[in-house]
Each structure stands twice: as C-alpha cells, then as structure tokens.
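Inspection log for the structure reproduced underneath, given as structure tokens.
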Amino acid sequence: MPKLASPEKPAELNLCLQWWAIPGESIAEKLDFLEANGFAAVEIPSGDWPMKNADAMIEAMRGRKLFLATACGPSDFSYADPAKREAEVQKFLPVLEALGRMKSVGLILCPARGKLSEPGHLSGKELRKDFVENTGKRLAEHAAKHGTAIVLEPLRRNETPFLRQVADGARMAADIGRGATVMGDFWHMGLEETSFMGAFICAGKLLSHVHIAGLKERIIPGVHPEADQYVDGFKGLKLIGYRGAVSFEGGWPKNPADSKKEIPQEEKTRLIRNMVKLLREQWAMA
C-alpha cells in the first residue's frame, strides 16, 4: 500500500442510484426506496429536470439522511463555431443554479464526445485549451458562485479525443480552478487505467463523484461476480478519505424469457440489493 498522509476524516461508502434506476413513481417513493435499501445519495438527470423539480426535490429531501450527488446529462463543447459553444454554456447556467439551490455536488460534463473527425469541430488540443480557459472555466466559476461545481468525466478512447484518465481530469480541474472537480467511472477506467487505486489517488481531494458498473458488461454489478472486483479501487478511495457517492450507472441483464423485454421490476430490485451486498463486502475487504 502507498504511504500517504492519513485523511482528515475516514472514507465512507455512500452508495447511490441514478434516477431512472430507482423503483417508484413519485419523488418520495424513490427516496423512500433508497433509504430503505442502504443508499446514502441520489443522482438526478440534467436537461430541464433540475429546474422543473428543484422545489419538489428540496422539500422531499428535507429531514432525510440522503444527499444529492450529481446531475448527469449529455454535453459537447467541441463546436468550432463560437456561437454554438456559447449556446452550450448558456444551456447549463440555469442547471447549475438549480443544482446549487438543491445543494448538489455538481454537474457532470464531458468536453467532447466522438473523435472530432467531422468538419465543424475543434481539434482535441484546441478544445482542451478553450475548455480550460473559456467555456469550462466560466461554468466552474458560475457553479462555485451558486455553491456547486462542474464534475469532469473521463471517457474511453473510442468516446472522446482526450480526457480519458482520472489524473488528466484532475489536472484539468486544477487548471480551471475553483468550482471544477473530477470523477472516476469504473467502466471507463477498466480500459484506460492500469490501477483503479492509483487513479483515485491521483485525483485526491478533487475527486467528487464515482460511477460504478459491471466490469465484464456495463450492467449492474454482481451479475458477473468473478469479474466485478472493486477492492483495488476501494483501497484508493479509502486512502484519500473519499466521502462522495458511488453511483450505479449501467444497464440491466437481458431478460432470459424474452430478450426484447426488460427484466421485471422484482428482479431489478433483487439485483439492486445484491449489488449493495457485494459492494459493502468488497469495501470491508479494501
């Protein structure tokens, strides 16, 4: 194990579900499920959802032990046309304001998706510079002003021209400054990192969110327990005193009865509880 200074507070495993995966129709029903099944945080959609539901969410969270992790939604700042990049910035300003009202950890952003080979897009080098010095910096400053942050998400090499490793995201966040953080996603990290533990240590205090999925398939952890091994990553989280959310982002296994239909809700609930058990066991091992 690396020798690092002890964190100010011990790490916590704060399990989290994305909104779409939580059983229940109403906000209260979804939050009740999380509390009853060992979750500590909730991840909400981006788009116009935060603005439409901020008041209801604030009221529903009152008196609960849950915290609001991130909002997750598509973003792309790679347009060569400055007006299009500006439109992308303007789109997220009210989202950040709503997240600040809800005391959310932040808004997940990816500077670019795809390989930027199409006309009308900046090169990776140009985009990185513009995001750090302009679009991303302005969003981070706006986020900090409202008590939240932007959360940079490293992706896989077939998904983005740069920002593929947690350490790179941490460097970008440090360059942007106040209001910028980074996250790690076990699924993306499985291809891009040589060590889950090392990646999280590189991020240190800038790490504000973690996504988790199966490592054999991007589905709920525990379906392939022989492949779904997170102890190395959890060691890294413990070493840096991580107390943010570890949030499931993935799909469901195929329905053995009919592959064109989703598995029934009872089976989804069983798999969610199985994931909680698996992750808590591996956290204890780390």
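All conditions but one from (1) at pLDDT below 95; (2) of a type in the set (S, T, N, Q); (3) closer than 21 Å to SER208 by Cα apply to ASN158; the one that does not is (3). All but one of (1) buried (at least 19 other Cβ atoms within 10 Å of the Cβ); (2) closer than 21 Å to PRO94 by Cβ; (3) of a type outside the set (A, V, I, L, M) hold for PHE39; state the number of the condition that does not hold. Condition not satisfied by PHE39: (2). Of all residues being among the polar types (S, T, N, Q) and outside any loop (DSSP other than H, G, I, E, B) in segment 1-56, which is nearest to the chain's Cα centre (by Cα)? Just the residue, please. Step by step, filter segment 1-56, then rank; the result is GLN18. The set of residues in segment 231-251 being under 20 Å from ILE44 (Cβ atoms) and of a type in the set (Phe, Trp, Tyr) consists of PHE248 alone. Do we find a residue being touching a Leu at 6+ places or on another chain (Cβ under 8 Å), surrounded by fewer than 16 Cβ atoms within 10 Å (Cβ to Cβ) and under 19 Å from LYS103 (Cβ atoms) anywhere in segment 25-35? The answer is yes, given that some residue of segment 25-35 is touching a Leu at 6+ places or on another chain (Cβ under 8 Å), surrounded by fewer than 16 Cβ atoms within 10 Å (Cβ to Cβ) and under 19 Å from LYS103 (Cβ atoms). Hey, does segment 130-137 have a residue that's among the charged types (D, E, K, R), modelled with pLDDT under 95, in contact with a Phe, Trp or Tyr (Cβ under 8 Å, 6 or more places away or on another chain) and in a helix (DSSP H, G or I)? No, because not a single residue in segment 130-137 is among the charged types (D, E, K, R), modelled with pLDDT under 95, in contact with a Phe, Trp or Tyr (Cβ under 8 Å, 6 or more places away or on another chain) and in a helix (DSSP H, G or I).
Quick one: in segment 98-116, of everything that is assigned to a loop (DSSP other than H, G, I, E, B), among the hydrophobic types (A, V, I, L, M, F, W, C) and modelled with pLDDT of 95 or more, which residue is nearest to ALA143 (Cα to Cα)? In this case the residue turns out to be VAL105.
Number of residues in segment 50-78 that are in contact with an Asp or Glu (Cβ under 7 Å, 6 or more places away or on another chain) and under 30 Å from SER123 (Cα atoms): the value is 5.
The values are calculated or read from the model by the stated rules, or taken from the named source; none is laboratory data. What you see is a predicted model, and the numbers here were worked out from it, not measured in a lab. Neighbour counts are summed over all protein chains in view; Cβ atoms, including those assigned to glycine, are modelled from backbone coordinates with ideal geometry.
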